[in-house]
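Single-structure report; data block below.
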Amino acid sequence: MAAAVSTSQDTAEPAPPALALGAFDFVAYLDAARLRVEAALDGSLGPERPQSLRKAMRYSLLAGGKRLRPILCLAAFELAGGEGDLALPTAVALEMIHTMSLIHDDLPAMDNDDLRRGRPTNHKMFGEANAILAGDALLTRAFEMVALRSPGVSAERLLQVVGELSLASGAPGLVGGQVVDLESEGKSVDLETLEYIHLHKTGALLRACVISGALVAGADATLQAALHTYARGIGLAFQIIDDILDVTASSDVLGKTAGKDLTADKTTYPKLLGLEESRRRADGLVAEAKAALEPWRDRAAPLLALADYITSRDR
């Protein structure tokens, strides 16, 4: 992995809220983890040909952002007893899958958005065909990162990670959730269907981040079960907050088009439950997620703080 961090395409990130658990400095942890991830992302793309493909891949992959998903992976790896950079290729792979999903979600045939992370979306810069192919290339590179660029991790553990990423990015995860999301536009959707969409479209990848990091470290079944509960809670809470911000924050703050769910006539948590009840539900889910890690509280400070960060963010 390259040591240098490319900042030319990064967008400015506001300082996160000062969340603390005992002596744990969450702000310092988040900053250090983000720097590790940015450096690894910058070194993950080689001399792809043609240059136009490499340019489109880097444009979206290095566009800044919270880097929440790879950081969740690294935090779960550390909780499970992992040390060093063994989980970093998997963390990079997860951000590549996430970036692919953003590129494809923004396409005219999907969510049809012009703005992402404060900049024109990939297809606005490089055309629809190149955007699709850049997303495809990032998705396949993600599996290369795990299978071929993870020295020091046993083949058995890498196979488990590949399986987890496959479930999260395919029909049982992102793809299935996106299909139901598109099919539900303009329709009256109940809470069960809404949660199905978000447990698959958003929650599946967040689950993969947490579980994959733990798998690289060799987590036992008890810890994996607790992390599944944690991941489900933060996955739904994350989407609820996204839905709230879509109607309460500006495009300038979000870095993407505000109010697009209303424009697309999508069912959201605020539309179904109201803003106040949506906020209560998000807080309750975070509380459940944190409770699942109570037996590991002394070692789980990063994951506990990240759960709070999800409901306190403004973008």
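The values are calculated or read from the model by the stated rules, or taken from the named source; none is laboratory data. Since this is a predicted model, take the numbers as computed values, not measurements. Cβ sites come from the backbone with ideal geometry, for glycine too, and all protein chains shown count toward neighbours. For accessibility, only protein heavy atoms count, side chains too; no ligands or nucleic acids. Shrake-Rupley method; radii C 1.70, N 1.55, O 1.52, S 1.80 Å.
Yes or no: residue 60 modelled with pLDDT of 95 or more and out of contact with any strand residue (DSSP E or B) (no Cβ under 6 Å at 6 or more places or on another chain)?
Numbers: modelled with pLDDT of 95 or more: yes; out of contact with any strand residue (DSSP E or B) (no Cβ under 6 Å at 6 or more places or on another chain): yes.
Judged against the criteria, residue 60 is a match.
Can you tell me which residue in region 56-80 is surrounded by the fewest Cβ atoms within 10 Å (Cβ to Cβ), limited to those that are among the charged types (D, E, K, R) and closer than 17 Å to residue 142 by Cα? Spell out the reasoning first.
If we filter region 56-80 for residues that are among the charged types (D, E, K, R), which is where we start, we get 58, 66-67, 69, 78.
Filter once more, keeping what is closer than 17 Å to residue 142 by Cα: 58, 67, 69.
Details: 58: 19, 67: 22, 69: 21.
My answer is 58.
In region 164-189, what residues are part of a helix (DSSP H, G or I) and closer than 26 Å to residue 277 by Cα? Talk me through it step by step, then tell me what you get.
Let us first name the residues in region 164-189 that are part of a helix (DSSP H, G or I), namely 164-169, 174-183.
Of everything in region 164-189, those that are part of a helix (DSSP H, G or I) and closer than 26 Å to residue 277 by Cα turn out to be 177, 178, 180, 181, 182, 183.
Looking at the structure I just gave you, is residue 161 open to solvent by less than 70 Å² (accessible area, probe 1.4 Å) and not charged (D, E, K, R)?
Details: open to solvent by less than 70 Å² (accessible area, probe 1.4 Å): yes; not charged (D, E, K, R): yes.
It is true that residue 161 is open to solvent by less than 70 Å² (accessible area, probe 1.4 Å) and not charged (D, E, K, R).
Only one residue in 282, 287 is farther than 25 Å from residue 189 by Cα and either acidic (Asp, Glu) or part of a helix (DSSP H, G or I) (or both). Which one? Please lay out each step first, then the result.
Details: 282 fails: farther than 25 Å from residue 189 by Cα.
Within the list 282, 287, the selection yields 287.
Considering every residue within region 286-297, establish whether at least one is hydrophobic (A, V, I, L, M, F, W, C), surrounded by fewer than 21 Cβ atoms within 10 Å (Cβ to Cβ) and farther than 24 Å from residue 70 by Cα.
Taking every residue of region 286-297 in turn, none turns out to be hydrophobic (A, V, I, L, M, F, W, C), surrounded by fewer than 21 Cβ atoms within 10 Å (Cβ to Cβ) and farther than 24 Å from residue 70 by Cα.
Could you please tell me which pairs satisfy a Cβ distance under 9 Å, a separation of 6+ or placement on different chains, a first residue in region 190-218 that is under 16 Å from residue 310 (Cβ atoms) and outside any helix (DSSP H, G or I), and a second residue that is open to solvent by 10 Å² or more (accessible area, probe 1.4 Å) and of a type in the set (Asp, Glu)?
202/242
Collect the residues in region 298-315 that are within 25 Å of residue 275 (Cβ to Cβ), in a helix (DSSP H, G or I) and either open to solvent by 10 Å² or more (accessible area, probe 1.4 Å) or of a type in the set (S, T, N, Q) (or both), keeping them in residue-number order.
Across region 298-315, the qualifying residues are 308, 309, 311, 312.
Is it fair to say residue 156 is at pLDDT 95 or above, open to solvent by less than 30 Å² (accessible area, probe 1.4 Å) and not in a loop (DSSP other than H, G, I, E, B)?
Working: at pLDDT 95 or above: yes; open to solvent by less than 30 Å² (accessible area, probe 1.4 Å): no; not in a loop (DSSP other than H, G, I, E, B): yes.
No.
Which one of 266, 260, 256 is surrounded by 14 or more Cβ atoms within 10 Å (Cβ to Cβ), in contact with a strand residue (DSSP E or B) (Cβ under 6 Å, 6 or more places away or on another chain) and modelled with pLDDT under 90? Give the steps one after another, and end with the answer.
Values: 266 fails: in contact with a strand residue (DSSP E or B) (Cβ under 6 Å, 6 or more places away or on another chain); 260 fails: in contact with a strand residue (DSSP E or B) (Cβ under 6 Å, 6 or more places away or on another chain).
Checking each option against the conditions leaves just 256.
Among 171, 137, which is among the aliphatic types (A, V, I, L, M) and more than 23 Å from residue 89 (Cβ to Cβ)? Break it down into steps so the answer makes sense when it comes.
Working: 137 fails: more than 23 Å from residue 89 (Cβ to Cβ).
Result: 171 is the single residue among 171, 137 that is among the aliphatic types (A, V, I, L, M) and more than 23 Å from residue 89 (Cβ to Cβ).
Please work out which one of (1) farther than 11 Å from residue 210 by Cα; (2) at pLDDT 95 or above is the condition residue 111 fails and give its number.
(2)
Which one of these does residue 64 not meet: (1) in a loop (DSSP other than H, G, I, E, B); (2) under 26 Å from residue 219 (Cα atoms); (3) touching a Gly at 6+ places or on another chain (Cβ under 9 Å); (4) not aliphatic (A, V, I, L, M)?
Just one mismatch for residue 64, condition (2).
So which residues in region 178-197 are crowded, with 23+ Cβ neighbours inside 10 Å and under 24 Å from residue 135 (Cα atoms), if there are any at all? Quick ask: steps written out before the conclusion?
We begin by selecting, within region 178-197, every residue crowded, with 23+ Cβ neighbours inside 10 Å; these are 181, 194, 197.
Matches in region 178-197: 181, 197.
Residues of region 44-60 being in contact with a Lys or Arg (Cβ under 9 Å, 6 or more places away or on another chain) and of a type in the set (A, V, I, L, M), which ones?
Taking region 44-60 as the starting set, the residues that turn out to be in contact with a Lys or Arg (Cβ under 9 Å, 6 or more places away or on another chain) are 44-48, 57, 59-60.
Matches in region 44-60: 45, 57.
Only residues in region 41-69 that are over 20 Å from residue 117 (Cβ atoms) and without any contact (Cβ under 8 Å) to a residue 12 or more places away in the chain count as the first member; pair them with residues that are charged (D, E, K, R) and open to solvent by 30 Å² or more (accessible area, probe 1.4 Å), Cβ under 9 angstrom, at least 6 apart or cross-chain, and list the lot.
If the second residue must be charged (D, E, K, R) and open to solvent by 30 Å² or more (accessible area, probe 1.4 Å), the pairs left are 46/54; 47/54.
How about region 81-140: which of its residues are part of a loop (DSSP other than H, G, I, E, B), under 18 Å from the mean Cα position of the chain (by Cα) and buried (at least 18 other Cβ atoms within 10 Å of the Cβ)? Let's see the steps before the verdict.
First pass over region 81-140, keeping only residues part of a loop (DSSP other than H, G, I, E, B): 81-87, 106-114, 117-118, 121, 127.
When the remaining residues are screened for being under 18 Å from the mean Cα position of the chain (by Cα), the result is 87, 106, 111, 117-118, 121.
Scanning region 81-140 gives 87, 106, 111, 117, 121.
Of the conditions (1) out of contact with any His (no Cβ under 9 Å at 6 or more places or on another chain); (2) in a helix (DSSP H, G or I); (3) open to solvent by 30 Å² or more (accessible area, probe 1.4 Å), residue 241 clears all except one; give me its number.
In the conditions (1) out of contact with any His (no Cβ under 9 Å at 6 or more places or on another chain); (2) in a helix (DSSP H, G or I); (3) open to solvent by 30 Å² or more (accessible area, probe 1.4 Å), residue 241 misses (3) alone.
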